[in-house]
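Engineer: Right, I'll just put the structure down here and ask away after.
Throughout, read-outs are computed from the coordinates displayed, never taken from laboratory work. The structure displayed is predicted, hence computed values, not measured ones. Using ideal geometry, Cβ is built from the backbone for each residue, glycine included, and neighbour counts are taken over all protein chains shown.
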Amino acid sequence: MIRYCFLCIFLFIFYQVSSDNLSTLSTTTTTTATATCSQEKKNRTDLIDDCNCRIADLNDLNNNKIYPVLELLTQKNYFRFYPVNLKKQCQFWIDDSKCVLKDCAVKPCPIDQLPETLRQNKNHDEYGKYRQELQTNEQEQCIDVSNDDLSLGELNKDLSEEDKQTIKKWIQFDDNKLDNFCDIDDETSSDIEYIDLSLNSERYTGYSGESTKRVWTAIYNENCFFMSDSKAYYNLRQKRQNFRQLCLEGRTFYRLISGLHSSISIHLCSKYFFPGYLGLSDRWGPNTQEFSRRFDPKKTDSEGPLWLKNLYFIYLVELRALDKAIPYLERVTYFTGNETDDKDTKNLLKNQLFNEIQKFSHHFNETDLFKDNEQLKYEFKEHFRNISRIMDCVGCDKCKLWGKLQIQALGTALKILFNQKPIYAFQLQRSEIVSLINGFAQLSYSIAQLEKRFKPFVAIT
């Protein structure tokens, strides 16, 4: 009987202890599962769309390794001076905008302050301008002739509709053979100015309102892949919300433009102008309220964080292009006439920048696009060229400068990625190399500012 009582007591204690352990194990398992699911969800939101890469990893790469190198590189003579034509007329509408600040103006670089090779180019341009003026004066001194005599030399420029369509096919055929994704300013033009980018940083200029809205609307509407049932021009919100339904090429086009737009906005927010009042001086600094207005999900119908995510997408695309062009870029001399500066430039590129970007170059795969579809590639290229032409419609010189440079940088990146020629037969103009590095540096700066200045205000999901 006593044995039986002891046995009962033992079994009761064992059952209680076992139940407690099972309960603890169950609670621990549930907590672990919840934490795992939460971590998986966080990892998914941290991934960049259409790229197998985490934002946290890119932040670490850019902010600690790439951005410091680009800061040094863009101060070198080869990358400081950018040739641009700011006098081109807008092909799409008459610009009636005005800038609020004097900082909207660009400070051209005097010829005597240019590197030796660029001075030679400008002197040649000045001579060409002089010859043109001389020829004009000579023509004005020609003997007048009667209208009847003039008609003998007139050209008949009439073309039938059939001829026009035939010529259009010729142009399309020739364009398909060109690698350029954007219009490049003619560096021999007398309207070309060399701009010292270090004296004309991208920042807030006061350029806003209907003029900027018109420019950005026109740019986004160049995405020929938007859903056909969305309104043709101004219903951009509907188009943006439908972009996930697009093919890979359409999503890529949208994310590139959206990412560039985000980068430009971050520059304006991080270098904002605060006018002085009540005896206080004017100052430049970050404007967190303006950043929130542009990207806060509550103020952007939850789109703001997605726009910021697209910044990382365009960063990866340009990083991939730089990596693909390394064999070509390593052969460039980067000559400016300053032997020490030129040597430092090549060293920064070859031994620092190129080494870092190679580690992340595989996250964007350009071979997934335009598979056996040359017509789609042609349309993509043609619409992107139109965006480069829209840049001539920007009403603020400083905004136009950085808009043209960054569109050329992206166009150069696309040219590299989709180039069919072997690398030894590849060719880039000096302005394309300068824009590519500076454009990538602008994206790099934006990512660094997100982490440094604006991280607490908008979570990127």
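Engineer: How far apart, in nanometres, would the label points at Thr340 and Gln420 be if each is projected 7 angstrom from Cα along the Cα-to-Cβ direction?
Structural biologist: For Thr340 paired with Gln420, the spin-label model returns 4.8 nm.
Engineer: Bins of 5 Å, beginning at zero and ending with the bin holding the largest distance: percent of Cα pairs per bin for the range 342-461, please.
Structural biologist: Bin by bin from 0 Å, the calculated values are 2, 8, 12, 18, 21, 17, 14, 7, 2, 0.
Engineer: If we count other beta carbons within 10 Å of each Cβ, what is the order of Lys415, Lys421, fewest first? Display every interim value, and only then the final one.
Structural biologist: Numbers: Lys415 22, Lys421 9.
Fewest-to-most Cβ neighbours within 10 Å comes out as Lys421, Lys415.
Engineer: Could you give the length gained by full extension between Asn347 and Arg331, i.e. 0.36 nm per residue of separation minus their alpha carbon distance, to one decimal place?
Structural biologist: Details: separation 16, 0.36 × 16 = 5.76 nm, distance 1.23 nm.
Stretched fully, the Asn347-Arg331 segment lengthens by 4.5 nm.
Engineer: Taking the Cα centre of the range 363-460 as origin and charging only Cβ (+1 Lys, Arg; -1 Asp, Glu), how large is the dipole, in debye to the nearest 20?
Structural biologist: Details: 14 positive and 10 negative charges, 79 e Å.
In total the dipole reaches around 380 debye.
Engineer: For the cross-link pairs Lys324/Lys398; Lys88/Lys324; Lys350/Lys452; Lys324/Lys377; Lys76/Lys377, which exceed 24 Å when the distance is taken from alpha carbon to alpha carbon?
Structural biologist: Lys324/Lys398; Lys88/Lys324; Lys350/Lys452; Lys76/Lys377
Engineer: Please say if the range 268-331 is rounded, prolate or oblate, where rounded means a/c under 1.5 for a ≥ b ≥ c the square roots of the C-alpha gyration tensor eigenvalues, and otherwise the choice is prolate for a/b larger than b/c and oblate otherwise?
Structural biologist: Numbers: a/c = 8.11, a/b = 1.64, b/c = 4.95.
In terms of gyration-tensor shape, oblate.
Engineer: Separate question: Along each of its three principal axes, how wide is the spread of alpha-carbon positions in the range 322-370, in whole angstrom units, largest first?
Structural biologist: For the range 322-370, the Cα extents along the three principal axes come out at 42, 21, 11 Å.
Engineer: Based on the Cβ-Cβ distance from Glu374 to Cys247, what FRET efficiency comes out when R0 is 22 Å, to the nearest 0.05? Intermediate values should be presented prior to the final figure.
Structural biologist: Values: r = 15 Å, r/R0 = 0.70.
Given R0 = 22 Å and the Cβ-Cβ separation, E is 0.90.
Engineer: State the answer as a single residue: which of Val394, Asn373, His383 lies farthest towards the positive end of the charge dipole of the range 355-399, with beta carbon charges of +1 for Lys and Arg and -1 for Asp and Glu, about the Cα centre.
Structural biologist: Val394
Engineer: Dimensions of the range 230-384 along principal axes (Cα, Å, largest first)?
Structural biologist: Dimensions of the range 230-384 along the principal axes of its Cα atoms: 57, 50, 27 Å.
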